[in-house]
Amino acid sequence: MTAGATTFVLRRRAAAAFLVLTALTAAAVVLSLGVGSTYIAPGDVVRALAGDGPFTVVVQDLRLPRVVVALAVGALFGLSGALLQSIARNPLASPDVVGISQGAGLAATIVVSAGLGAAWLGPLALLGGLAAATAVLALSWRYGLAAHRFVLCGIAVALATKALTEVFIAGADPIDGQRAQVWLAGSLAGTGYDEARVLLIPLAVLLPVLLWAGRAMDTTGLDDDVARGLGVRVERRRLALGAVAVLLAALAISQAGAVDFVALAAAQLARRTVRAERPPLACSALTGALLTVVADLVARTAFAPVQLPVGVLTAVLGGPYLLWLLLRRTR
């Protein structure tokens, strides 16, 4: 497909996967808006979204804000996982594996333990995730960004920051320690349109960068010598893509906590659905959004009236997937 001076490659399987994922995500949103203490039929949910019917307040004011945050968080994690796995050329690269989630968790634990207030939680968690990613990059950079060093240094930073987090929790007031544990588990409870704006506005600003990233990722999987032979400054490109991935993940973590395994699983599921060499960005974003909405629906309804943190459910589902991926790569 050609538009002016720009050429786009439209793959039929990728387009079909995108449409199917869009339909599944829309169905999950309608189901999530309808299921709760008061069941609302799908037709009534659609009418309420249009501003008609007796359930408008329940759908638009009570349930929709949380679902919007779930969509945004899942999309950001999916995009981040796709970018990280592409530049690292490793399906194990994700924010919760390479230390970004743990860095944000350490900063959030310090905020809660010090009693700085909820207003500081999101910004400092964002800075914590960025600081952890900077440490991983500094440790793994040696004559360029090697994939195996990036993942191994990320695991080391994740373990170190997680240990420090446990130290702060152990020394904190029991109530503050419990609050920190809930945040670390990843929860969408109490989120609303304010958190959604914090996530969606930067995502909209970064949209042109993501369009560039989709094209730039084509060269990240090449051998370094081949990429240089084509005139591509591969290290700078990987660094730029990594910075975008870290920013996306840190944004999501700062508002929802450490929702583990969404970034890891979404990118790989999207890649296998499309049958591509690298995770596709658009399908990864939709897969992440779908996984998060469904996980949040199950977490808040399966054990009602008790609501589980969504990160607990994604960890339960993601743990076996990670083991399967490790065993498959070992074979």
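In table form, for the structure just shown:
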quantity: Given (1) surrounded by 20 or more Cβ atoms within 10 Å (Cβ to Cβ); (2) out of contact with any Pro (no Cβ under 6 Å at 6 or more places or on another chain); (3) assigned to a helix (DSSP H, G or I), index of the condition D96 fails; calculated: (3)
quantity: Residues that are surrounded by fewer than 16 Cβ atoms within 10 Å (Cβ to Cβ) and under 21 Å from the mean Cα position of the chain (by Cα), drawn from segment 25-53; calculated: A26, A27
quantity: Cβ pairs under 7 Å, 6+ apart, first in segment 44-64 and within 19 Å of T191 (Cβ to Cβ), second among the polar types (S, T, N, Q) and not in a helix (DSSP H, G or I); calculated: V58/T38
quantity: Residues within segment 183-207 that are part of a helix (DSSP H, G or I) and either surrounded by 15 or more Cβ atoms within 10 Å (Cβ to Cβ) or not hydrophobic (A, V, I, L, M, F, W, C) (or both), tallied; calculated: 13
quantity: Residues satisfying the stated conditions in segment 56-78, i.e. surrounded by fewer than 23 Cβ atoms within 10 Å (Cβ to Cβ), in contact with a Gly (Cβ under 9 Å, 6 or more places away or on another chain) and either hydrophobic (A, V, I, L, M, F, W, C) or closer than 30 Å to R238 by Cβ (or both); calculated: V58, L62, V68
quantity: Residue match in segment 208-219 (condition: modelled with pLDDT under 85, surrounded by fewer than 18 Cβ atoms within 10 Å (Cβ to Cβ) and not in a helix (DSSP H, G or I)); calculated: no
quantity: Options G81, G177: the member that is touching a residue at least 60 places away in the same chain (Cβ under 8 Å) and surrounded by fewer than 24 Cβ atoms within 10 Å (Cβ to Cβ); calculated: G177
quantity: Number of positions in segment 52-98 that are small (G, A, S) and over 23 Å from L24 (Cα atoms); calculated: 5
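The values are calculated or read from the model by the stated rules, or taken from the named source; none is laboratory data. These numbers come from a predicted model, not from an experiment. Every residue, glycine as well, gets a Cβ built from its backbone with ideal geometry; the counts of neighbours run over all protein chains shown.
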